[in-house]
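What follows is one structure encoded as structure tokens, with my remarks underneath.
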Amino acid sequence: MNLWQFIKVGGATMYVLLFFSVVSLTIIVERLLYYHKRSRVRRDSFMKTIAQSLGKKDLKEAIDLCGQTDTPFAEVVYAGLDLYSHDETVISNAMERRVTVETTKLEQYTGILGTIGSTAVYIGLFGTVLGIIRAFRDISTAGSGGISVVINGISEALVCTAAGLCVAVPAVIVYNYLIRRIDTFVTDMELSASETMDLVKAKQK
């Protein structure tokens with residue numbers, strides 16, 4: 001069967017799964033590109049440069065570096081350095097808020113991907129059940145039909161289960177991968193916030 005025949009055999013359920021597959025693929029591509037763009041700079045080398053700038057008492061250079069670096073941990077460091085002359089508690093709170101904001105951005109759309117991964121299989125099974133019911137109803141209406149008719153109807157109904165698995169498996173795999181990437185980003189942000197706080201304390205003494 002070609003793709004169109006595959007969809008036609010599965011019925012209305014296949015259209016739902018097709019929509020889910022398009023949404024899932026769009027989110028996967030968008031998130032992977034977003035994470036790749038925001039992970040080009042290593043945290044340790046970035047923080048080393050920030051420490052050198054603050055060591056020269058050049059706060060503007062450090063802030064400019066944060067503005068030029070498109071990573072979540074750079075945003076956190078910027079939030080702290082922007083309040084450099086304030087109390088330590090104010091600086092710490094500002095960085096904590098920025099970690100929350102950046103984490104929210106990183107988690108965007110991942111919930112949808114996880115939902116698709118966990119429900120696509122059940123939608124496929126639902127379509128299979130409907131297909132089997134339809135097959136037996138057709139046999140009952142016709143008043144005749146051998147084992148070949150039953151097998152043919154069930155094989156067509158199982159198309160929905162196969163489609164559900166094809167949508168769910170990639171979505172679950174990528175969802176778990178994205179969650180691990182988010183954890184890495186959060187760890188980098190927390191470490192950067194801690195290092196920045198230490199640098200600020202050292203320079204304010």
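The values are calculated or read from the model by the stated rules, or taken from the named source; none is laboratory data. Treat the numbers as computed from the prediction; the structure is a model and nothing was measured. Positions of Cβ are backbone-derived with ideal geometry, glycine not excepted, and every protein chain shown enters the neighbour counts.
Within region 158-178, the residues that satisfy the criterion of being loosely packed, with under 15 Cβ neighbours inside 10 Å and within 9 Å of the chain's Cα centre (by Cα) are Asn176, Tyr177.
Of everything listed in (1) in contact with a Phe, Trp or Tyr (Cβ under 6 Å, 6 or more places away or on another chain); (2) at pLDDT below 95, the single unmet condition for Ile27 is (2).
Quick one: Leu59 ticks every box in (1) without any contact (Cβ under 8 Å) to a residue 40 or more places away in the chain; (2) under 30 Å from Thr161 (Cβ atoms) except a single one, so which number is it? Among (1) without any contact (Cβ under 8 Å) to a residue 40 or more places away in the chain; (2) under 30 Å from Thr161 (Cβ atoms), Leu59 violates only (2).
May I ask you to list the residues in region 83-120 that are outside any helix (DSSP H, G or I) and either under 30 Å from Val22 (Cβ atoms) or touching a residue at least 60 places away in the same chain (Cβ under 8 Å) (or both)? Scanning region 83-120 gives Tyr84, Gln108, Tyr109. Of the residues making up region 76-104, just one is over 16 Å from Ser194 (Cβ atoms), among the charged types (D, E, K, R) and surrounded by 14 or more Cβ atoms within 10 Å (Cβ to Cβ), namely Asp82. For region 185-205, filtered to residues that are of a type in the set (Val, Ile, Thr) and at pLDDT 95 or above, the residue that is surrounded by the fewest Cβ atoms within 10 Å (Cβ to Cβ) is Thr187.
Would you be able to say whether some residue in region 125-135 is modelled with pLDDT of 95 or more, surrounded by fewer than 18 Cβ atoms within 10 Å (Cβ to Cβ) and not β-branched (Val, Ile, Thr)? No, because not a single residue in region 125-135 is modelled with pLDDT of 95 or more, surrounded by fewer than 18 Cβ atoms within 10 Å (Cβ to Cβ) and not β-branched (Val, Ile, Thr).
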